[in-house]
Amino acid sequence: MSIITLTSDYGLKDHFVGALKGKILSEYSEAKIIDISHEIDPFNTVEASYIISASYASFPKGTVHLIGVDMEHNKENQHIVMQWNDHYFIASDNGILSMLSQKIVPQKIVAINIHDRLPSDAADMDVFVTVACHLAKGGLMNVIGKEINTIKQVTDLKAVLSADGNSINGHVIYIDHFGNVVTNISKKYFIEVAKGRPYEIVMKTKNIKTILPNYSAIASSDKYPIKSYEGEKLAIFNEAGFLEIAIFRSNPSKVGSANSLLGLNYRDVINIVFS
Amino acid sequence: MSIITLTSDYGLKDHFVGALKGKILSEYSEAKIIDISHEIDPFNTVEASYIISASYASFPKGTVHLIGVDMEHNKENQHIVMQWNDHYFIASDNGILSMLSQKIVPQKIVAINIHDRLPSDAADMDVFVTVACHLAKGGLMNVIGKEINTIKQVTDLKAVLSADGNSINGHVIYIDHFGNVVTNISKKYFIEVAKGRPYEIVMKTKNIKTILPNYSAIASSDKYPIKSYEGEKLAIFNEAGFLEIAIFRSNPSKVGSANSLLGLNYRDVINIVFS
Amino acid sequence: MSIITLTSDYGLKDHFVGALKGKILSEYSEAKIIDISHEIDPFNTVEASYIISASYASFPKGTVHLIGVDMEHNKENQHIVMQWNDHYFIASDNGILSMLSQKIVPQKIVAINIHDRLPSDAADMDVFVTVACHLAKGGLMNVIGKEINTIKQVTDLKAVLSADGNSINGHVIYIDHFGNVVTNISKKYFIEVAKGRPYEIVMKTKNIKTILPNYSAIASSDKYPIKSYEGEKLAIFNEAGFLEIAIFRSNPSKVGSANSLLGLNYRDVINIVFS
């Protein structure tokens, strides 16, 4: 029995998430359902990509991830399942899964073709529910779809190396609950490119010279209590493996955050310059 | 073993929802609990009615729905259980269940009378927990209440036919997470009244001439990408079976929604006029 | 098999809560996980204390409570487990558990010392997950920590008696979803001190002379419908046993609340004066 995770832009006020769980349990009463997030910015496939990419590895292999963002089946986007790194991802083929497939080649991809087998008033979500239950029960991908070789790519998700090889050019892909700013620069890519060279993180207004191992490391001197460092800016590689710019112990609604204090917004440029 | 669903206006910041689940699991450790919504507008029984009405059918028959909105037991409102369409609904008799009972006659209704059997410091929620666990375990309604024949009606929930039979007069009963505006005009009632006549949806400022089968159907021409239709207004019957006025791919906080762009608010009039 | 509850300031938009559950289920697939709150004000240990203190008793004995607020392991705060009133609490030793230990002496406290046994890239949350699963499976505290005798105290959490014994001096420790204002004055302490004397609750602007048994008791006369009492201020001891100042059927975003209408904010003084 596999876990089914849910990620969507449905919000928590409406009945959609509850109804979705009811449908899953109606079809598969033993299902173990875990919410990842339902507060994805509406129709924002980049946010959904990041959230899935940052969380899938915390679940056991074989987990089925249902992604309900911009999922309407239409002339441009078909429904797909991607088996990748021993997890299953059900989504619309709108670029949402390309952040994963850029890192590791998928094991298998199918275009879902069960739409005709469902009642005529079945909604897109009903298709995903049927597929998720089928896979969570251990069903085969070929039963619910036709194998395909490629998925749509969203290229602007990737950080790139400058022509002279002396800087990684990235940008902000996510702003979290604490107002911390997450970039598309991965630790893996940084290490590969840096080769031990000194570096500086160059942002809109202020720069940072060191990437810390964790937030508390900002409290570098034993002479002062940790509290005295609150409000200082810092950079770390977060648990998802991406460069994050943070304000130590930030509280967005009270004292401000990296987002508000450093003026960093979604899609803003952040570079690492080597010397 | 039945599912217990929870719908309330408790919000998710406080401990109430967690404590409620703890109480259920203390009494019935095998309970399967699913949240429908805890973000109902405080004391708004119309919103609660719509959310329950729109979601109950996604759950298996026998599901127990606990509704914690305006639930204090007082001289005006008693606690009731309604068995309806093979589901159980536990609520205060404040009109919340009348949206359901207007469509189909309830199978059985009881006024809960176990208050004296609980500890003297038991809260209203403790009563609901005891009843929910009893029913989810397969217990009989007569054990926890005395049969009654009617519940309080909230009449303004119903869309009505104009005197000349040429228009359905409804109003906004819910605004969802995407800012889409839901009316109290059901698809069933529309078909019954329309009898194939041409119609126009008449709103505050702008009218709509067609009810689409789904959101993407707004992209009527193959010449243009779907993206070019973002921001257009449309009407559909939503999954709950009610007329909904939407902005295609709306994002309330960024580009606006049916609620903000068309100036449609809770209780505003929306009519369908036949010609 | 015990329940694991989660309380944090992670919010629900990010993937952290989902990832945390994935990690727990990866380590202990049978775990029963219940959210208490993830909307604690960031790094606010007083709020976390109140929420835990108000909700733990709704869960069965043996429940494991994981508290992810200000939990980074650093030179000032170690990770601890406190066994108290037959429940287990996993937290950083930053004062969060002192509200509990002031009421009843803990059964056992250990400083977690498994950090060296985990992979070198393990995050603080991984430590808590391992400890929570160990305890939920029935494991012993001594296996994962070294016994200690005391935890850090946060003294300003306690209401105090005035020098002349004629007033209890408390303050606001929490503002709930309905805008109701919760103080640190417990019913137990009030009864102990009052000894039947007349009293008055003295606040910033207006006073209240009676503590009601429940919200609806504000509707004291049978001549008027309960609705006519909406908006009146009242005081009760809430389910958690603390003095609460409320506006009857308040809706913070529409008509206002005790917080907005009475101008009562976090840390404001509220006294009970005896005569």
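The values are calculated or read from the model by the stated rules, or taken from the named source; none is laboratory data. Not measured: the values here are computed from a predicted model. Positions of Cβ are backbone-derived with ideal geometry, glycine not excepted, and every protein chain shown enters the neighbour counts. Keep in mind that these areas ignore ligands, DNA and RNA; they rest on the heavy atoms of the full protein, side chains included. Shrake-Rupley method; radii C 1.70, N 1.55, O 1.52, S 1.80 Å.
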| query | Checking B:E30 against (1) in a strand (DSSP E or B); (2) more than 8 Å from every other protein chain (Cβ to nearest Cβ), which test does it fail? | reply | (1)
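Please pick out the residue among A:G139, A:G95 that is open to solvent by less than 30 Å² (accessible area, probe 1.4 Å) and modelled with pLDDT under 95.
Values: A:G139 fails: modelled with pLDDT under 95.
None of the other options fit; the residue is A:G95.
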| request: Find the strands (runs of 3 or more DSSP E) located wholly in region C:173-275 whose residues include 3 or more that are crowded, with 19+ Cβ neighbours inside 10 Å, and list them. | output: C:181-186, C:233-237, C:242-247, C:269-274
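Taking into account only those residues within region C:39-50 that are of a type outside the set (S, T, N, Q) and more than 9 Å from chain A (Cβ to nearest Cβ), which is farthest from A:I3 (Cα to Cα)? Steps first, please.
Restricting attention to region C:39-50, the residues satisfying the condition of being of a type outside the set (S, T, N, Q) are C:39-43, C:46-48, C:50.
From the residues that got through so far, the ones that are more than 9 Å from chain A (Cβ to nearest Cβ) too are C:39-40, C:46-48, C:50.
Working: C:E39: 25, C:I40: 27, C:V46: 35, C:E47: 32, C:A48: 30, C:Y50: 33 Å.
Here the residue is C:V46.
Can you go through A:N85, A:N74 and tell me which one is open to solvent by 10 Å² or more (accessible area, probe 1.4 Å) and either in contact (Cβ under 8 Å) with a residue 60 or more places away in the chain or more than 8 Å from chain B (Cβ to nearest Cβ) (or both)? Explain how you work it out, then say what you get.
Values: A:N74 fails: either in contact (Cβ under 8 Å) with a residue 60 or more places away in the chain or more than 8 Å from chain B (Cβ to nearest Cβ) (or both).
Answer to the selection: A:N85.
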| query | If a residue has to be touching a strand residue (DSSP E or B) at 6+ places or on another chain (Cβ under 9 Å), surrounded by fewer than 20 Cβ atoms within 10 Å (Cβ to Cβ) and not in a loop (DSSP other than H, G, I, E, B) to count, how many in region B:101-118 make the cut? | reply | 4
| request: For A:K152, state whether it is of a type in the set (K, R) and touching a strand residue (DSSP E or B) at 6+ places or on another chain (Cβ under 8 Å). | output: no
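Residues A:A48, A:A31: which one is surrounded by 24 or more Cβ atoms within 10 Å (Cβ to Cβ) and among the small types (G, A, S)?
Details: A:A31 fails: surrounded by 24 or more Cβ atoms within 10 Å (Cβ to Cβ).
Of A:A48, A:A31, the one residue that is surrounded by 24 or more Cβ atoms within 10 Å (Cβ to Cβ) and among the small types (G, A, S) is A:A48.
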| task | Identify the single condition in (1) crowded, with 24+ Cβ neighbours inside 10 Å; (2) closer than 29 Å to A:Y224 by Cβ that C:I36 does not satisfy, given that it satisfies every other one. | result | (2)
| request: Six or more apart or on different chains, Cβ under 8 Å: which pairs go from a residue in region A:236-256 that's outside the structural domain of A:S220 (by TED's automatic domain parsing) to one that's at pLDDT 90 or above and among the aliphatic types (A, V, I, L, M)? Could you list them? | output: none
| Would a scan of region B:51-64 turn up a residue that is touching an Asp or Glu at 6+ places or on another chain (Cβ under 8 Å), open to solvent by less than 10 Å² (accessible area, probe 1.4 Å), facing another protein chain (nearest Cβ under 8 Å) and hydroxyl-bearing (S, T, Y)? | no
| message | Can you find a residue that is modelled with pLDDT of 95 or more, at the interface with chain C (Cβ under 9 Å from one of its Cβ atoms) and under 14 Å from the mean Cα position of the chain (by Cα) anywhere in region B:9-26? | response | yes
| request: Note down all Cβ pairs under 6 Å where the first residue falls in region C:89-111 and is aromatic (F, W, Y), the second is buried (at least 22 other Cβ atoms within 10 Å of the Cβ), and they're at least six residues apart or on different chains. | output: C:F89/C:H65; C:F89/C:M82; C:F89/C:L97
| query | For B:Y199, all conditions in the list (1) under 19 Å from B:E47 (Cα atoms); (2) out of contact with any His (no Cβ under 8 Å at 6 or more places or on another chain) hold save one; what is the number of the exception? | reply | (1)
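For B:R249, state whether it is more than 13 Å from every other protein chain (Cβ to nearest Cβ) and touching a Phe, Trp or Tyr at 6+ places or on another chain (Cβ under 6 Å). It would help to see each step written out before you state the result.
Working: more than 13 Å from every other protein chain (Cβ to nearest Cβ): no; touching a Phe, Trp or Tyr at 6+ places or on another chain (Cβ under 6 Å): yes.
Answer is no for this residue.
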| field | Positions within region C:220-240 being of a type outside the set (A, V, I, L, M, F, W, C) and more than 10 Å from every other protein chain (Cβ to nearest Cβ), in sequence order | value | C:S220, C:S221, C:K223, C:Y224, C:S228, C:Y229, C:G231, C:E232, C:K233
| Exactly one of (1) under 14 Å from the mean Cα position of the chain (by Cα); (2) more than 27 Å from A:L212 (Cα to Cα); (3) in contact (Cβ under 8 Å) with a residue 40 or more places away in the chain is unmet by C:G138. Its number? | (1)
| request: Run down C:D164, C:D121 and say which single residue is surrounded by fewer than 18 Cβ atoms within 10 Å (Cβ to Cβ), out of contact with any strand residue (DSSP E or B) (no Cβ under 7 Å at 6 or more places or on another chain) and assigned by TED's automatic domain parsing to the domain that holds C:E200. | output: C:D164
| So A:I144 clears everything in (1) under 26 Å from C:D14 (Cβ atoms); (2) open to solvent by less than 80 Å² (accessible area, probe 1.4 Å) except one condition, right? Which one? | (1)
| remark: Flagged pairs (Cβ under 7 angstrom, 6 or more apart or on separate chains; first in region B:1-19, assigned to a loop (DSSP other than H, G, I, E, B); second of a type in the set (S, T, Y)) are B:S2/B:T63; B:L12/C:S37; B:K13/C:S37; B:D14/C:S37; B:H15/C:S37; B:H15/C:S55
| query | So which of C:N180, C:N184, C:N207, C:N169 ends up being polar (S, T, N, Q), closer than 26 Å to C:S257 by Cα and without any contact (Cβ under 8 Å) to a residue 12 or more places away in the chain? | reply | C:N207
